[in-house]
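A.B. asks: Okay, handing you the structure first.
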Amino acid sequence: MRERDTLARIGGDDFVVVLSDLASPQDVPLLADRILHHIALPIPLQDREISLSASIGVSLFPQDGDDYDTLLRNADAAMYRAKEAGGNTFRFYTADMNAQALKKLEMEARLRHAVERDELLLHYQPLLNLRTNEVTDVEALIRWRAGDGTLVSPLDFIPLAEETGLIVPIGQWVLRTACQQTRQWLDQGMELRMAVNLSTRQFRDDKLVQTVRDALAEAGLPARLLKLEITEGAVMDNAEQAVRILSELKALGVGMSVDDFGTGYSSLAYLQRFPIDQLKIDRSFVKDITLGAESASIVHSIIALARNLRLQTVGEGVETTQQRDFLRGAGCDLMQGFLFSRPLPAPEFLALVQAHRAN
Ligand code: C2E
Ligand code: MG
Ligand code: MG
């Protein structure tokens with residue numbers, strides 16, 4: 001169990017687990033699965049091995065009861081349904097929660113095979129320099145072509161990949177693929193700096209620096225053509241540790257960018273200490289830039305701050321010419337958004353950039 005959970009034996013072979021600080025009931029299936037997994041680990045007993053199984057019933061406060069007796073009774077009823085289903089599994093008290101839990105576990109099982117089954121792909125979105133009108137940078141954005149052919153958005157599977165740890169192998173695949181693609185374009189005479197997103201868990205992974213180094217070496221890509229994007233939350237959560245990790249990455253020669261800037265809580269003192277190169281102004285500010293004075297002044301402030309710290313700025317989610325003109329007037333360096341191009345498969349991206357250069 002996690003340190004903050006409570007586990008009690010209430011009699012016979014009945015145990016109660018209290019999870020008192022769940023962010024969401026969505027977290028229960030993974031925890032229940034983990035408990036079942038640990039219970040099932042073989043136990044050596046003299047020269048034999050035995051293994052156990054369990055059935056778990058889940059009731060949620062307050063929807064399934066707001067006192068101890070009701071919660072326990074409903075968890076008990078749910079446990080009997082887990083037993084009826086053959087045991088070694090879990091059930092929620094309500095049918096609705098069961099359906100959701102099942103869906104999540106199914107998705108996890110499918111995501112587990114996505115890498116080996118070659119179901120992941122990258123789309124590429126160009127970043128346009130607002131002064132020179134050149135495409136200098138590109139961001140790799142992951143897509144999952146699930147078994148039934150549908151394209152799943154990263155917003156729908158990256159959080160699950162984070163929770164389950166699958167983000168580590170997936171992130172390695174993204175880094176390797178993006179580096180190889182950048183190298184290929186370089187060989188075709190198109191020098192671009194590639195931005196790759198890192199989630200919090202990847203950022204904290206011990207092997208991150210080695211993974212980045214390997215991906216660059218394998219592709220034969222100069223480190224200056226790779227940029228890593230992390231969110232404010234990932235760096236600010238444990239700022240001292242972040243300074244160390246960022247410095248190690250920086251020493252490799254890769255660029256560092258803070259994504260969705262303005263949505264988290266940045267300590268300005270730390271911002272100065274972080275070896276970063278770029279701030280990406282979150283889409284939510286850009287969206288309202290021409291509508292309200294508030295977003296406009298936030299964007300002006302971010303750009304002024306970035307200038308003082310000698311950081312490059314990117315306006316994210318630029319959809320209209322008015323937004324582009326505002327950013328250009330405010331001194332923003334780069335823009336990214338549907339106005340210039342959506343994220344595209346590699347061949348279409350290449351064609352777009354070549355056509356843009358020819359113009
Ligand atoms: P992000 O890094 O902030 O990426 C920008 C997102 O904004 C992309 O969504 C992009 O398609 C979208 N976008 C770009 N221009 C516009 C615009 O003009 N209007 C609107 N409405 N949207 C625009 P996408 O591809 O769905 O990715 C969502 C998020 O998923 C990314 O946000 C990033 O945080 C995460 N992500 C994507 N690929 C990866 C990956 O390889 N690894 C990790 N860890 N996270 C990833
Ligand atoms: Mg990004
Ligand atoms: Mg962003």
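A.B. asks: Work out, step by step, the length gained on full extension between Asp13 and Gln100: first 0.36 nm times the residue separation, then minus their alpha carbon distance; give nm to one decimal.
C.D. replies: Gain on stretching Asp13 to Gln100: 28.5 nm.
A.B. asks: On the principal axes of its Cα set, how long, how wide and how thick is region 6-93? Give whole Å, largest value first.
C.D. replies: 48, 26, 24
A.B. asks: Subtracting the Cα-Cα distance from 0.36 nm times the residue separation, let me have the gained length for Asp67 to Ala109 in nm, one decimal.
C.D. replies: Computed gain between Asp67 and Ala109 is 11.6 nm.
A.B. asks: Per residue, what accessible area does the chain have, given a 1.4 Å probe and all protein chains present, in Å²?
C.D. replies: Here the residues of the chain average 53 Å² of exposed surface.
A.B. asks: Here is a follow-up. Using a 1.4 angstrom probe on the protein heavy atoms only, line up Ser53, Ser257, Ser59 by accessible area, largest first.
C.D. replies: Ranking Ser53, Ser257, Ser59 by accessible area, largest first, yields Ser53, Ser59, Ser257.
A.B. asks: Put Ser284, Ser55, Ser20 in order of accessible area, largest first, 1.4 Å probe: what do you get?
C.D. replies: Values: Ser284 55, Ser55 30, Ser20 90 Å².
Largest accessible area first, the residues go Ser20, Ser284, Ser55.
A.B. asks: What do you reckon, how do Ile10, Ile39 stack up by accessible area (1.4 Å probe), largest on top?
C.D. replies: Most to least solvent-accessible, the answer reads Ile10, Ile39.
A.B. asks: Next question, about the same structure. To the nearest 10 square angstrom, how much accessible area does Val286 have with a 1.4 angstrom probe?
C.D. replies: Looks like 0 Å² after rounding.
A.B. asks: Starting from the Cα-Cα distance between Arg328 and Glu116, subtract it from 0.36 nm times their residue separation and give me the gain in nm to one decimal.
C.D. replies: Contour length minus the Cα-Cα distance gives 72.0 nm.
A.B. asks: Aspartates and glutamates near Lys287 by alpha-carbon distance under 17 Å, same-chain residues fewer than 8 away left out - which ones?
C.D. replies: Asp259, Asp260, Glu316, Glu319, Asp325
A.B. asks: Counting only protein heavy atoms, what percent of the accessible surface of the chain is carbon or sulfur at a 1.4 Å probe? If you can, show how the numbers build up before the last one.
C.D. replies: Working: 9530 of 18860 Å².
For the chain, the apolar C and S fraction of the accessible surface comes to 51 percent.
A.B. asks: Given that compact globular proteins tend to follow 2.2 N^0.38 Å, what is the ratio of the alpha-carbon Rg of the chain to that value?
C.D. replies: 1.19
A.B. asks: I would also like to ask the following. Tell me, what HN-Hα J-couplings in whole Hz come from the Karplus equation 6.51 cos²θ - 1.76 cosθ + 1.60 at θ = phi - 60° for each residue of region 25-37, using x for Gly and Pro?
C.D. replies: x, 4, 7, 4, x, 5, 5, 4, 4, 5, 4, 4, 4
A.B. asks: Starting from the Cα of Lys83, draw a straight line to each of the lysines and keep only those under 30 Å, dropping any in the same chain fewer than 8 residues away.
C.D. replies: Lys83 reaches Lys103, Lys104.
The values are calculated or read from the model by the stated rules, or taken from the named source; none is laboratory data. As the structure is a prediction and not an experimental result, all values here were calculated from the model. Surface areas here come from the heavy atoms of the whole protein model, side chains and all, with no ligands, DNA or RNA. Shrake-Rupley method; radii C 1.70, N 1.55, O 1.52, S 1.80 Å.
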